[in-house]
Amino acid sequence: MSYSKIGVVGLGIMGAGIVEVFARSGYEVIGVAESEAAVEIGRGNLAKSLSRAVSKGKLSQNESDVITGRVTFGPEFKLLSDCDLVVEAAPEILSLKTSIFSQLDQVVKPSGILATNTSSLSVTQIAQATNRSGQVVGLHFFNPAPVQKFVEVIGTKISDPDVVASVTALGAALGKRTAQVTDKPGFIVNKLLLRYLNHAVQILDAGSASKEQLDAAMRELSNYPMGPCELLDLVGIDTCVEIMKTIHADTGLDIDIPAQGMLELVADGKMGRKTGSGFYDYSQSHEAPTDSDELIKAQVHLDLVTAYLGDCIAMQATGYASREDIDAGMKLGCGLPEGPFEVIERVGLSQVRKNQADLANRTGISSYQPLSL
Ligand code: 3HC
């Protein structure tokens, strides 16, 4: 299988970012969205990201023009007919994605591979909307797609192994570290990351800390590039709610119920950066949140990190993902300075397990207990 022409359906922040990734790597790209207005937004998203790189001296204006020249935008699916691969990056609504896939199946040439950038939905169900389910995979990028150097390739039980292998090789050709994952809600990174983000909002909802304390704690005490509320705003709070619903439907655990604070913001139309406000207001420039209450910051930092490390241990122990893939996913997909298993090695497994037991006993939430060995 060889790839030269790539289609992208959906031109929001992720879709436009994926267009940029392929166009920067020299591929001819067709970007399709549902209306002329959505196409214009996509075109603007690409232009903004490229002009940011030009203004930082990372790209010359000429290179930026060459990249832009590789992309054709339009609102019609038929533009995608001779693409070797089409990546769908529409909102996290299963019925929308299955409808897109059945349309793609009609218009894309028979040898074309179809990929979904879904954050957590079942790739198997999406594949079943087509008559080429063996040629359907997940290809999951991280936001901002041109920056984060990790992609998950999700093969289903019905995916052709050669297709999974060739899409994985393509991911590597884009300069990304790849991990092959099976089709489980949240795959590797979102399962871990979204639980952590949801946990932070549960702490906020309980009134135990402010959003500034939560964000400052993770930035200052773990050197994360963003705190959890800032990251929810970047990813889109509506998207995060949908991911948590899918994870909760799978686990049935109370800790996976989408936190009230997220539901309220979504109901208010405050989805994060893309709508101009979420936990924070983006009408003015956003500065890193600060707070001087060191005790609260230390407590929320310990609780968030403890629960997260416990989830990483469980994910590896159940054989779902290797520690190498988990560490790479969290570092290269989310820009974290250390992978969770590097943290565990530094802190000591027995200390992490003790912290897990303390957290479970203090909160009365048994899901935080360490795995029995
Ligand atoms: N598009 C393109 N490039 C961007 C960008 C964007 N939206 N935002 C930032 N960048 C680039 C900048 O140009 C800069 O590039 P350079 O190093 O070549 O100059 C680099 O990223 C760093 O940018 P800044 O210095 O302006 O800003 P920061 O240092 O604060 O970094 C960040 C911004 C890269 C967003 C960083 O804060 C980060 O990594 N945050 C964590 C993001 C994260 O966790 N993403 C994963 C979310 S989960 C997900 O996406 C999965 C989905 O399914 C939900």
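The values are calculated or read from the model by the stated rules, or taken from the named source; none is laboratory data. Since the structure is predicted, the reported quantities are computational estimates derived from the model, not experimental observations. Every residue, glycine as well, gets a Cβ built from its backbone with ideal geometry; the counts of neighbours run over all protein chains shown. To get the accessible areas, we keep the full protein, side chains included, count just its heavy atoms, and leave off ligands, DNA and RNA. Shrake-Rupley method; radii C 1.70, N 1.55, O 1.52, S 1.80 Å.
Which one of these does I344 not meet: (1) among the β-branched types (V, I, T); (2) more than 15 Å from the ligand (Cβ to nearest atom); (3) within 30 Å of G12 (Cβ to Cβ)?
All conditions pass for I344, except number (3).
Select, from A179, A165, A172, the only residue that is touching a residue at least 24 places away in the same chain (Cβ under 8 Å) and among the small types (G, A, S).
Exactly one residue qualifies, and that residue is A179.
When region 319-341 is examined, which residues are found to be touching a residue at least 40 places away in the same chain (Cβ under 8 Å) and more than 15 Å from the ligand (Cβ to nearest atom)?
Y320, A321, D325
On the basis of being open to solvent by less than 50 Å² (accessible area, probe 1.4 Å), in the same structural domain as L121 (by TED's automatic domain parsing) and at pLDDT 95 or above, does S49 make the cut?
yes
Tell me, which residue of region 43-62 that is outside any helix (DSSP H, G or I) and in contact with a helix residue (DSSP H, G or I) (Cβ under 9 Å, 6 or more places away or on another chain) is farthest from the ligand (Cβ to nearest atom)?
S60
Out of Q351, Q299, I need the residue that is farther than 24 Å from Q213 by Cα, open to solvent by 20 Å² or more (accessible area, probe 1.4 Å) and either not aliphatic (A, V, I, L, M) or not assigned by TED's automatic domain parsing to the domain that holds Q202 (or both). Which one?
Of Q351, Q299, the one residue that is farther than 24 Å from Q213 by Cα, open to solvent by 20 Å² or more (accessible area, probe 1.4 Å) and either not aliphatic (A, V, I, L, M) or not assigned by TED's automatic domain parsing to the domain that holds Q202 (or both) is Q351.
Can you go through A16, A23 and tell me which one is under 20 Å from Q148 (Cβ atoms) and away from the ligand (no atom under 12 Å from the Cβ)?
After ruling out the rest, the residue left standing is A23.
Listed residues G269, G261, G329; which is in the same structural domain as L197 (by TED's automatic domain parsing) and part of a loop (DSSP other than H, G, I, E, B)?
Answer to the selection: G269.
So in region 23-39, with the set limited to residues that are of a type in the set (G, A, S) and touching a residue at least 24 places away in the same chain (Cβ under 8 Å), which one is nearest to I100 (Cα to Cα)?
Looking at the filtered set, the residue picked out is A33.
So for region 247-265 (the condition being within 13 Å of the ligand (Cβ to nearest atom), open to solvent by 20 Å² or more (accessible area, probe 1.4 Å) and touching a residue at least 24 places away in the same chain (Cβ under 8 Å)), does at least one residue qualify?
Taking every residue of region 247-265 in turn, none turns out to be within 13 Å of the ligand (Cβ to nearest atom), open to solvent by 20 Å² or more (accessible area, probe 1.4 Å) and touching a residue at least 24 places away in the same chain (Cβ under 8 Å).
So D268 ticks every box in (1) open to solvent by less than 50 Å² (accessible area, probe 1.4 Å); (2) modelled with pLDDT of 95 or more but one. Which box is left unticked?
(1)
Report yes if some residue within region 16-24 is open to solvent by 50 Å² or more (accessible area, probe 1.4 Å) and part of a loop (DSSP other than H, G, I, E, B); otherwise report no.
no
For region 145-177, which residues satisfy the criterion of being among the hydrophobic types (A, V, I, L, M, F, W, C), within 16 Å of the ligand (Cβ to nearest atom) and surrounded by 15 or more Cβ atoms within 10 Å (Cβ to Cβ)?
Within region 145-177, A145, F150, V151, V153, I154, L174 qualify.
Among the numbered conditions (1) within 26 Å of K297 (Cβ to Cβ); (2) free of Cβ contacts under 8 Å to residues at least 60 places away in the same chain; (3) within 16 Å of the ligand (Cβ to nearest atom), tell me where A216 comes up short.
Against the list (1) within 26 Å of K297 (Cβ to Cβ); (2) free of Cβ contacts under 8 Å to residues at least 60 places away in the same chain; (3) within 16 Å of the ligand (Cβ to nearest atom), A216 comes up short only on (2).
Among the residues of region 69-78, count how many are within 18 Å of F22 (Cα to Cα) and open to solvent by less than 60 Å² (accessible area, probe 1.4 Å).
Within region 69-78, residues that are within 18 Å of F22 (Cα to Cα) and open to solvent by less than 60 Å² (accessible area, probe 1.4 Å) number 3.
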